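Data block below; observations after.
The values are calculated or read from the model by the stated rules, or taken from the named source; none is laboratory data. Here the structure is a predicted model, which means the values were calculated and not measured. When we count neighbours, we look across all protein chains shown, and the Cβ atoms used for this are built from the backbone with ideal geometry, even at glycine.
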Amino acid sequence: MRWILLIIASLCEICWFYCIAYLNHVSWEELSNFSFIHREDAGLVALSILGYAGFGIANLILFTKALRQIAPAVAFSVWTGLALAGITLVDGLFLNIQLSVWQIGSIGLILIGVVGLKFYGNT
């Protein structure tokens with residue numbers, strides 16, 4: 001269960017990242033005075049705000065629960081590695097960002113490291 005919580009926390013981190021990325025297209029002024037509601041993409045902006053809060057909170061709660069049973073260094077390594085691999089894969093598969101063979105190979109190495117930590121770690 002602890003590893004499932006950690007994987008879900010990593011998925012929340014990925015979603016949280018893309019909420020932030022979408023909100024980077026909105027100025028702080030638009031956000032602070034709610035003038036973004038006049039934008040054509042107001043629904044997506046509002047969804048990104050809710051996602052930012054929701055995924056951020058879920059991420060922290062799940063990661064904290066996983067830390068109770070997994071060594072902190074292992075948990076942080078796995079959480080960060082899965083989030084990094086996930087963000088890179090989403091970029092390549094859905095956002096049409098070109099990934100080099102070296103990048104894909106590096107993601108493979110990260111995933112091998114995550115599996116190694118899971119099966120050969122002290123947790």
Please tell me if Val26 is of a type in the set (A, V, I, L, M, F, W, C), more than 22 Å from Leu62 (Cβ to Cβ) and outside any helix (DSSP H, G or I). yes
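Just to be sure before I move on: is Phe76 within 21 Å of Gly113 (Cα to Cα) and either in contact (Cβ under 8 Å) with a residue 12 or more places away in the chain or assigned to a helix (DSSP H, G or I) (or both) in the structure I sent? Can you show your working first?
Working: within 21 Å of Gly113 (Cα to Cα): yes; either in contact (Cβ under 8 Å) with a residue 12 or more places away in the chain or assigned to a helix (DSSP H, G or I) (or both): yes.
When the stated conditions are applied, Phe76 passes them.
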Scan segment 80-105 and report the pairs whose first residue is part of a loop (DSSP other than H, G, I, E, B) and whose second residue is surrounded by 10 or more Cβ atoms within 10 Å (Cβ to Cβ) and at pLDDT below 95, with Cβ atoms within less than 8 Å and a gap of 6+ or a chain change. Ile97/Asp91; Gln98/Gly92; Leu99/Thr88; Leu99/Asp91; Leu99/Gly92
So if I check each of Leu44, Leu31, which one is on the phi < 0 side of the Ramachandran plot, exposed (fewer than 15 other Cβ atoms within 10 Å of the Cβ), free of Cβ contacts under 8 Å to residues at least 40 places away in the same chain and part of a helix (DSSP H, G or I)? Leu31
Out of all the residues in segment 20-27, is one or more surrounded by 17 or more Cβ atoms within 10 Å (Cβ to Cβ), touching a Lys or Arg at 6+ places or on another chain (Cβ under 9 Å) and either touching a residue at least 40 places away in the same chain (Cβ under 8 Å) or over 20 Å from Val90 (Cβ atoms) (or both)? yes
Determine which member of the set Ile49, Ile112 is part of a helix (DSSP H, G or I), under 25 Å from Met1 (Cα atoms) and either free of Cβ contacts under 8 Å to residues at least 40 places away in the same chain or among the small types (Gly, Ala, Ser) (or both). Ile112
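Return the total of residues in segment 47-80 being within 10 Å of the chain's Cα centre (by Cα) and not aromatic (Phe, Trp, Tyr). Before you say what the answer is, go through the steps one by one.
We begin by selecting, within segment 47-80, every residue within 10 Å of the chain's Cα centre (by Cα); these are 55-56, 59, 79-80.
The next check asks that each one be not aromatic (Phe, Trp, Tyr); those that pass are 56, 59, 80.
Residues that pass the stated criteria total 3.
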